[in-house]
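J.: Got a structure for you, written out below as structure tokens; questions coming shortly.
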Amino acid sequence: MTSVVDLTADPRPLAGRWQLDRRLIDHARGESGCFHGELLITTAGDGLEWAESGTLRWDGRELPASRRLLLQPGAEGWQMTFADGRPFHPWRPGVEVHHPCGADLYRGLVRATRTRMRVTWWVTGPAKDQEIHSRLRRT
């Protein structure tokens, strides 16, 4: 991966189309799967829209999957939110972030350059024991 560029202060250079490959591992169930598709990052007001679409392969099935997030500037820096505005996590490439989800905890790490990104989540708690590894390459 190329050297890490500090995109914390302004992630807008990430706008564009990205190839997205994700590996999902469920340690509790001994299962794994993958997601292949694309990420389209576009300008949305003062911030960015993060729209993923592709195919999820899990448990012998292939399913269409998508999600939409927003990356918004604020008084405390850039924040990733769900499409409905609920907070997800602060945008801090290179620094571990946390997202509580019920009794489970998502610990995430984003590494980003202008041409490549890696996003890793470790999910632990009473309901989950998972890892989610995403690799993105600008197309």
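The values are calculated or read from the model by the stated rules, or taken from the named source; none is laboratory data. Here the structure is a predicted model, which is why all the values come from computation and not from measurement. Note that each Cβ is placed from the backbone with ideal geometry, even for glycine, and that neighbours are counted across all protein chains shown. Each accessible area value is taken on the protein alone, full model and side chains, heavy atoms only, with ligands, DNA and RNA left out. Shrake-Rupley method; radii C 1.70, N 1.55, O 1.52, S 1.80 Å.
J.: For the range 21-53, name all the residues that are touching a helix residue (DSSP H, G or I) at 6+ places or on another chain (Cβ under 9 Å) and either open to solvent by 30 Å² or more (accessible area, probe 1.4 Å) or modelled with pLDDT under 95 (or both).
T.: THR43
J.: Also: Give just the number: which of (1) assigned to a strand (DSSP E or B); (2) buried (at least 18 other Cβ atoms within 10 Å of the Cβ); (3) aliphatic (A, V, I, L, M) does ALA65 not satisfy?
T.: ALA65 satisfies every listed condition except (2).
J.: Sticking with this one: Of all the strands (runs of 3 or more DSSP E) wholly in the range 86-139, which have at least 1 residues that are under 15 Å from the mean Cα position of the chain (by Cα) and without any contact (Cβ under 8 Å) to a residue 60 or more places away in the chain?
T.: Result: 87-90, 97-101, 104-112, 116-124.
J.: Can you report the number of residues in the range 16-45 which are among the aliphatic types (A, V, I, L, M), free of Cβ contacts under 8 Å to residues at least 60 places away in the same chain and within 21 Å of ALA65 (Cα to Cα)?
T.: Summing the residues that are among the aliphatic types (A, V, I, L, M), free of Cβ contacts under 8 Å to residues at least 60 places away in the same chain and within 21 Å of ALA65 (Cα to Cα) in the range 16-45 gives 2.
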